[in-house]
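Note sheet for the following structure.
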Amino acid sequence: MADTGTEPTGLLQALAARLWNARWLIVAGVVALISVYVFAASSVFVLVAALAVMVAAALLPAGAANQSAERAAAMEASGLQRLSGEYLAAAVADPLIIFDRTATIVHANAAAFAAFGGIAPGMSLSLKFRAPEMQSLLDSVLAGTVASSVIEYLEKLPVERAYRVSASSVGHGTDLYVLAFKDQSESRRIDRMRADFIANASHELRTPLASIAGFIETLRGPARNDPAARDQFLQIMQNQTGRMARLIDDLLSLSRLEMKPYLRPGTEVDLRQTVDSVIDSLAPLATENGVVVERDFPQGRLAVPGDRDELFQVFENLLENACKYGQSGGRVAVSIARTEDGPEPGIDVTIRDFGPGIPEEHIPRITERFYRVDVESSRTQKGTGLGLSIVKHILTRHNGRLSIKSEVGKGAAFSVHLPAL
């Protein structure tokens with residue numbers, strides 16, 4: 001009986017608490033309804049009914065809002081469940097492989113299929129990646145000795161690629177692990193290029209410096225009182241210092257081009273006038289090497305967008321090489337032609353010599369820095385090994401391209417294609 005008597009009291013206390021919690025809602029509603037009643041001349045029955053509805057809303061169970069929040073959280077959780085590991089792996093741009101405690105592939109994303117090929121769920125990672133460093137990585141992660149581990153891995157087929165591979169467990173108690181591959185091939189290639197460049201530049205500068213130092217020592221010793229030897233050595237020293245100056249100038253040109261890889265369009269260059277100026281400026285060199293320069297230019301306007309000084313440097317390098325290395329042919333042909341057909345209409349400038357030509361295996365690398373087909377011949381002709389690399393960089397800035405055709409014993413042809421205005 002005592003329990004029955006306390007039930008109405010508890011119920012009244014709960015209702016009173018709910019009304020108190022909603023007191024400001026009730027006050028605001030009453031004020032709003034009175035305002036509507038006074039200014040809109042509404043019926044008193046409408047006012048009473050509205051007050052009753054408002055009080056009933058205030059007495060609703062407080063758990064409704066909590067139930068709505070719980071429902072939203074449940075919906076979010078179900079959405080995360082639908083967002084499975086496969087979808088997350090597909091969103092990763094780098095190769096990613098999910099595997100279990102037996103080192104068996106559970107899932108691999110599209111980047112992994114593209115990089116390694118021939119992988120599929122159910123395949124053993126130990127059989128796919130046989131390198132000792134990969135085996136050690138898998139063993140350490142599966143044994144639980146480390147939470148995650150990183151190694152360097154080299155994949156040689158179908159092309160050589162260098163990866164930084166990390167392995168770690170997925171969550172806690174899932175018995176799943178993930179291998180993530182980060183491609184390091186490009187950064188390693190750049191590092192090799194930088195190291196090769198420093199080594200080649202140091203070698204090119206060390207050679208003339210050693211020569212100059214040797215002649216200075218000779219002039220101070222045995223040739224001190226020999227005027228003929230002194231004049232000869234001083235001339236050689238002057239040639240060597242000139243070679244170093246040309247090398248430094250070319251290095252500075254390359255540096256400037258690399259700092260500004262793109263050319264702002266808008267400047268117009270007259271190709272006919274530019275090529276004529278190059279031929280005239282190199283006329284003494286052509287005469288010295290016994291080479292006749294022939295011209296074949298079409299009629300009409302020959303204008304391209306670009307920088308005149310840089311294009312002058314392009315054709316100067318190409319014509320100078322033709323006069324030096326193709327002098328045995330006795331002539332160099334310079335031609336300009338419009339190319340209206342094809343996907344890239346523009347203007348082609350071709351400089352062809354009739355000398356010994358270039359062996360086919362050297363053509364793909366001939367525009368690399370310091371690359372020479374014949375080292376001794378290049379140094380005899382006072383070449384720095386950077387001319388064609390500068391040409392390539394300038395043409396890249398001008399949205400142009402360089403093509404090389406050669407046959408041993410029949411000379412070489414260097415064609416520059418530039419977009420026309």
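The values are calculated or read from the model by the stated rules, or taken from the named source; none is laboratory data. Since this is a predicted model, take the numbers as computed values, not measurements. Here the Cβ positions follow ideal geometry from the backbone for every residue, glycine too, while neighbour counts run over all protein chains shown.
Residues that are modelled with pLDDT under 85 and of a type in the set (Asp, Glu) were ranked within the range 333-359; the one that is surrounded by the most Cβ atoms within 10 Å (Cβ to Cβ) is 344. Scanning the range 188-201 for residues that are at pLDDT 75 or above and surrounded by 11 or more Cβ atoms within 10 Å (Cβ to Cβ) turns up 188, 189, 191, 199, 201.
Of the helices (runs of 4 or more DSSP H) lying entirely inside the range 205-302, those containing at least 2 residues that are of a type in the set (S, T, N, Q) are 227-259, 271-281.
Of all residues in the range 235-271, those being modelled with pLDDT of 75 or more, under 30 Å from residue 338 (Cβ atoms) and either in contact with a His (Cβ under 9 Å, 6 or more places away or on another chain) or hydrophobic (A, V, I, L, M, F, W, C) (or both) number 4. Can you confirm whether the range 134-149 contains a residue that is assigned to a strand (DSSP E or B) and either among the hydrophobic types (A, V, I, L, M, F, W, C) or in contact with a helix residue (DSSP H, G or I) (Cβ under 9 Å, 6 or more places away or on another chain) (or both)? Scanning the range 134-149 turns up at least one residue that is assigned to a strand (DSSP E or B) and either among the hydrophobic types (A, V, I, L, M, F, W, C) or in contact with a helix residue (DSSP H, G or I) (Cβ under 9 Å, 6 or more places away or on another chain) (or both).
Evaluation of residue 258 against the conditions (1) closer than 28 Å to residue 400 by Cβ; (2) in contact with a strand residue (DSSP E or B) (Cβ under 7 Å, 6 or more places away or on another chain) shows that the sole unmet condition is (2).
Scan the range 121-130 for residues that are in contact (Cβ under 8 Å) with a residue 12 or more places away in the chain and either part of a strand (DSSP E or B) or exposed (fewer than 10 other Cβ atoms within 10 Å of the Cβ) (or both) and jot them down. Answer for the range 121-130, where residues must be in contact (Cβ under 8 Å) with a residue 12 or more places away in the chain and either part of a strand (DSSP E or B) or exposed (fewer than 10 other Cβ atoms within 10 Å of the Cβ) (or both): 122, 124. Scanning the range 173-187 for residues that are assigned to a strand (DSSP E or B) and of a type in the set (D, E, K, R), we see that the one that is surrounded by the most Cβ atoms within 10 Å (Cβ to Cβ) is 183.
Restricting 274, 287 to residues that are loosely packed, with under 15 Cβ neighbours inside 10 Å, farther than 27 Å from residue 212 by Cβ, among the hydroxyl-bearing types (Ser, Thr, Tyr) and modelled with pLDDT of 85 or more narrows the list to 287.
Restricting attention to the range 112-134, the residues that are within 14 Å of residue 178 (Cα to Cα) and within 28 Å of the chain's Cα centre (by Cα) add up to 2. Within the range 144-162, is even one residue over 29 Å from the mean Cα position of the chain (by Cα), surrounded by 15 or more Cβ atoms within 10 Å (Cβ to Cβ) and at pLDDT 85 or above? Within the range 144-162, none of the residues are over 29 Å from the mean Cα position of the chain (by Cα), surrounded by 15 or more Cβ atoms within 10 Å (Cβ to Cβ) and at pLDDT 85 or above. Out of curiosity, is residue 380 at pLDDT below 85 and in the same structural domain as residue 310 (by TED's automatic domain parsing)? Answer is yes for this residue.
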